[in-house]
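The values are calculated or read from the model by the stated rules, or taken from the named source; none is laboratory data. Bear in mind the structure is a predicted one, so any value in this text is a computation, not a measurement. Every residue, glycine among them, receives a Cβ derived from its backbone with ideal geometry; neighbour counts consider all protein chains shown. Calculation scope for accessible area: heavy atoms of the full protein, side chains included, ligands and nucleic acids excluded. Shrake-Rupley method; radii C 1.70, N 1.55, O 1.52, S 1.80 Å.
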Amino acid sequence: MAQTTPNATRGGFSTSFGILAATLGSAVGLGNIWKVPYLTGANGGAGFLLIYLLATLLIGLPVMMAEISLGRSVRANPIKVLRTLSPGRQPWWLVGLSGMLAAFLIMSFYSEVVAWVFAYILKAVRGTIMSSDPAVTQADFAQLVADPLQSLLWQWLVLAAVASVLIMGVAQGIEAITKRLMPLLFILLLILGAVGLTLDGAQQAMQFLFWPDFSKITATVVLTAMGLAFFKLSIGMGTMMTYGSYFTANQNIPQTAVRVMLADLGVSMLAGVAIFPAVFTFGFAPSAGPSLVFITLPAVFSQIPFGHGLMVVFFVLTAVAAMGAMLSLMEVPTVILQERFQMRRSRAVLLATLLVALPGAGSALSHSILAHIHVAGFNLFDLPDFVSSNVLLPTGGIIIALFTGWVWGRDKLQAELSNHGQLRNAKLTTVVFVLLRYVTPLLIALVMLRGLRVF
Ligand code: PHE
């Protein structure tokens with residue numbers, strides 16, 4: 001779903017629908033199906049979701065609009081965009097470097113979760129995981145992640161697949177495929193949600209998802225919710241800036257950002273409604289963590305006609321959705337290596353992939369031979385996740401908001417957001433500007449410092 005041919009004629013996307021699909025392709029991925037449900041379960045449900053929603057509106061949306069605007073105004077990679085727009089030698093471009101680091105860290109655990117999805121496609125085909133018994137599905141998952149060789153090999157297969165798509169430049173083909181397949185994933189989630197609502201635990205699940213209990217909200221929970229908002233919208237690391245550089249001159253940026261946000265939220269909510277009734281019906285723990293979707297969905301599929309075939313389809317579609325997100329993640333280091341260090345595209349992709357494989361191996365082996373290694377209380381799977389979502393992306397967000405609000409300035413932002421006055425959205429863009437200049441950076445900084453216990 002991702003548009004990932006940076007060196008094809010700058011200006012990349014041609015139709016308005018194509019732009020929407022590509023941007024959505026970056027946003028929608030494992031985040032919706034795997035991360036939102038598991039974090040919601042682990043952080044007490046509706047209260048967490050509410051804060052996530054607030055963070056999306058007050059922080060996510062304005063930062064996303066700023067990134068796309070900056071990217072489109074220069075049409076280059078994030079480092080060059082900020083170098084071009086910065087006065088003198090101010091080092092705002094460093095956000096491009098931190099974006100590159102974030103891409104490596106996110107890919108290192110993301111590719112492992114996709115590795116589990118690949119493994120589950122095979123398990124689903126074999127029909128070995130059709131059970132609603134938590135003990136059975138949990139054991140099955142535990143066995144997979146405890147196997148160092150399987151964990152590594154599946155991950156390498158994922159990385160090889162991503163690298164070949166990037167090198168062969170068949171991203172356009174992938175995009176065409178994803179565009180057609182994503183509605184199918186949506187329909188499948190609708191079916192699963194409908195099935196979920198017929199289960200005994202449906203009412204309890206709805207209460208858990210939509211009736212906030214603020215007693216569970218701590219500073220860490222707020223930070224996690226904000227980090228999720230960044231991760232979900234692919235912002236704070238230059239992905240949206242890169243995509244913005246492919247936007248056409250007459251694309252309505254605010255409208256596109258709002259649509260992407262709404263569709264993205266919709267998919268996440270559907271995934272929640274598909275998963276949580278089964279959690280309460282069959283006695284899974286909502287706080288199971290990263291394994292949640294892998295242990296509960298087989299239970300849902302075991303309850304429906306054609307469940308076996310549908311489970312195969314589901315994991316294949318999830319892998320496809322994840323592919324769009326991974327292509328956009330890898331695009332950031334690839335374009336930077338290519339344009340900044342004059343590397344050939346294939347070299348840049350290979351180097352970026354190697355740089356992912358290294359920390360990636362840590363994530364892959366974090367539930368087996370490296371399980372004993374902990375850094376600051378995190379294992380090697382949770383560590384890159386925590387550092388990227390809760391430190392690097394928010395820091396990137398602060399820098400982008402400050403740069404837009406104080407350096408680039410109101411006129412240029414409004415010119416870009418209104419297509420140089422063609423769109424009559426001055427009120428809206430004023431709100432966006434005020435948020436970026438005053439509210440967003442302060443809010444991010446406060447949540448981050450409190451969440452990291454700096455004060
Ligand atoms: N937004 C993607 C998801 O939810 C992950 C992602 C993060 C993609 C950052 C690009 C950049 O799966």
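Could you say whether any residue in region 336-351 is in contact (Cβ under 8 Å) with a residue 12 or more places away in the chain, among the β-branched types (Val, Ile, Thr) and either in contact with a strand residue (DSSP E or B) (Cβ under 8 Å, 6 or more places away or on another chain) or within 13 Å of the ligand (Cβ to nearest atom) (or both)?
No; the residues of region 336-351 include none that is in contact (Cβ under 8 Å) with a residue 12 or more places away in the chain, among the β-branched types (Val, Ile, Thr) and either in contact with a strand residue (DSSP E or B) (Cβ under 8 Å, 6 or more places away or on another chain) or within 13 Å of the ligand (Cβ to nearest atom) (or both).
Within region 12-62, which helices (runs of 4 or more DSSP H) (wholly inside it) include 1 or more residues that are at pLDDT below 95, more than 16 Å from the ligand (Cβ to nearest atom) and out of contact with any Ser or Thr (no Cβ under 8 Å at 6 or more places or on another chain)?
Working: elements: 16-27, 36-42, 46-55.
The qualifying helices (runs of 4 or more DSSP H) are 16-27.
Could you list all residues from region 326-347 that are surrounded by 24 or more Cβ atoms within 10 Å (Cβ to Cβ) and of a type in the set (A, V, I, L, M)?
Going through region 326-347, the residues surrounded by 24 or more Cβ atoms within 10 Å (Cβ to Cβ) turn out to be 326-336.
Across region 326-347, the qualifying residues are 326, 327, 329, 330, 332, 335, 336.
Which residue out of 439, 432, 391 is in a helix (DSSP H, G or I) and over 16 Å from residue 66 (Cβ atoms)? Show your work before the answer.
Numbers: 439 fails: over 16 Å from residue 66 (Cβ atoms); 432 fails: over 16 Å from residue 66 (Cβ atoms).
Only one candidate qualifies: 391.
Only one of (1) open to solvent by less than 40 Å² (accessible area, probe 1.4 Å); (2) modelled with pLDDT of 95 or more fails for residue 297. Which number is that?
All conditions are met except number (2).
Might you check whether a residue that is surrounded by 20 or more Cβ atoms within 10 Å (Cβ to Cβ), closer than 20 Å to residue 106 by Cα and away from the ligand (no atom under 16 Å from the Cβ) occurs anywhere in region 277-290?
Checking region 277-290: not a single residue is surrounded by 20 or more Cβ atoms within 10 Å (Cβ to Cβ), closer than 20 Å to residue 106 by Cα and away from the ligand (no atom under 16 Å from the Cβ).
Restricting attention to region 213-244, which residues are of a type outside the set (A, V, I, L, M) and away from the ligand (no atom under 14 Å from the Cβ)?
213, 214, 215, 216, 218, 220, 224
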